[in-house]
Amino acid sequence: MKKPLEGILVIDFSQYLSGPSASLRLADLGARVIKVEKPVSGDMGRQLYCSNVIMNGESSMFHAINRNKQSYVADMKSAQEREKVYTLIAKADVLLHNFRPGVADKLGIDFDTIQSINSNIVYAELTGYGKEGVWKNKPGLDLLLQSVSGLTQLNGNDGAGPVPIGLAVIDILSGAHLAQGILACLYRKLTTGKGGKVEVSMLESALEYQFESVTCFFRDGGQPTERPKTNSAHAYLGAPYGVYKTKNGNIALAMGSIPFIGELLGCLELLNYPEVDSWFSQRDEIKGILANHLKTKDTKEWLAVLEPADIWCAEIMDWKTLFDKEAFKILEMVQKVQMSDGYGYETTRCPIQINGAWLKSEKGSPILGEHTEKINTEFA
């Protein structure tokens, strides 16, 4: 299958997670991504470990997010090597980076310089807090962005203190936003010949991620966020929304009529809450009743009652449980990729399907500088 972005050349200076997640999506869609790395150490993400799992001498995170790319080593402080990179940029459709403000200028890849080399390029940059203001030089690390953006006040039960999401969610979200902006400007470039400049900050992505709750905050006069005292899954939604223990596991319940759920479960106490407003104003009380009742039977027994009645619910699974399910297996969500030295590993595939086909690739992550000589010969 011919992929949508085949023929598109991306020069990628980004490191760690946010920028590389954007270029990964472009690569999955068919673009050729040349990852420009500094000599010796390369992308700092090669040694950024999200666990103690080492894969082929480097970080598992690096291998997961940099598959299907080429690695080109260049010392951008060297005028000679910088000119070689400019040769690549002159033929590129996209350039992206996620340096702190001012770094791109020092490396000679600021917007004005790149425009003088390739006036129709799509120039994309991702920062932590934007390029203006007193926060502009703060480190753009995911946990820090979750913390300052208010996200940690939405998770967990009341009284538990700030609770971050256990994934680099702001890195991945800001990378997705950057990819969206790039795709929009690529469309304009292909239809009008004009590229553009795409700018995304992690802070703005973190805030946009919370659009629902932020809107509630302004609508209710800026009242403090009140998380449920128990069984929390959302700081603003009423009962029964949350996660609950059962006799042998856990179950998640989304929205639903409290009296109707009470009838289904044989929990007569819940019939005392017919008014929708009570599901919010007496949220903790209702959740306490429901939590005690759900502990009396196994998860499957409750699902057998709730699902046929179209109550939105689900068994809470770990990865092992999910991966053994037929519903997961038919998705073929795991793909095997291989590096040029023969090292192979399993990772996720792109979640996008086009014309009935999944976007897969057998290429693993590149060895540092693996494609430098070949690219120099090609672009000479």
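The values are calculated or read from the model by the stated rules, or taken from the named source; none is laboratory data. It should be emphasised that the depicted structure is a prediction, and the values quoted were computed from it without experimental measurement. Positions of Cβ are generated from backbone atoms using ideal geometry, with glycine treated the same way; all protein chains shown enter the neighbour counts.
Just one residue in the set Phe280, Phe217 is part of a helix (DSSP H, G or I) and within 23 Å of Pro164 (Cβ to Cβ); that residue is Phe217.
Based on this model, can you work out whether Leu178 counts as assigned by TED's automatic domain parsing to the domain that holds Ile89, touching a residue at least 12 places away in the same chain (Cβ under 8 Å) and not in a strand (DSSP E or B)? Spelling it out, Leu178 is indeed assigned by TED's automatic domain parsing to the domain that holds Ile89, touching a residue at least 12 places away in the same chain (Cβ under 8 Å) and not in a strand (DSSP E or B). Scoring Ala235 on the criteria (1) on the phi > 0 side of the Ramachandran plot; (2) touching a Ser or Thr at 6+ places or on another chain (Cβ under 7 Å) leaves a single failure, condition (1).
Scanning the stretch 144-175 for residues that are touching a residue at least 24 places away in the same chain (Cβ under 8 Å), outside any loop (DSSP other than H, G, I, E, B) and of a type in the set (A, V, I, L, M) returns Leu145, Val148, Leu151, Val169, Ile170, Ile172, Leu173. Here Ile375 meets each of (1) touching a residue at least 40 places away in the same chain (Cβ under 8 Å); (2) outside any loop (DSSP other than H, G, I, E, B); (3) within 30 Å of Tyr273 (Cβ to Cβ) with one exception, condition (3).
Looking only at residues in the stretch 72-125 that are among the β-branched types (Val, Ile, Thr) and in contact (Cβ under 8 Å) with a residue 40 or more places away in the chain, the one that is farthest from Tyr16 (Cα to Cα) is Thr87.
Here Gly181 passes the criteria (1) within 13 Å of Met202 (Cα to Cα); (2) at pLDDT 95 or above except the one numbered (1). Before we move on, is Ile170 of a type in the set (Val, Ile, Thr), at pLDDT 95 or above and within 25 Å of the chain's Cα centre (by Cα)? Judged against the criteria, Ile170 is a match. Of the helices (runs of 4 or more DSSP H) that lie entirely inside the stretch 30-143, those containing 3 or more residues that are touching a Leu at 6+ places or on another chain (Cβ under 9 Å) and not hydroxyl-bearing (Ser, Thr, Tyr) span 60-65, 79-90.
Selection over the stretch 247-262 of residues that are within 22 Å of Ala160 (Cβ to Cβ) and either crowded, with 19+ Cβ neighbours inside 10 Å or not aliphatic (A, V, I, L, M) (or both) gives a count of 4.
On inspection, Ile289 does not qualify as of a type outside the set (D, E, K, R), under 31 Å from the mean Cα position of the chain (by Cα) and surrounded by 14 or more Cβ atoms within 10 Å (Cβ to Cβ).
Within the stretch 288-312, residues that are within 16 Å of Ser232 (Cα to Cα) and free of Cβ contacts under 8 Å to residues at least 24 places away in the same chain reach partners that are part of a loop (DSSP other than H, G, I, E, B) and not acidic (Asp, Glu) with beta carbons closer than 8 Å, at six or more positions or on different chains, in the pairs Ile289/Cys267.
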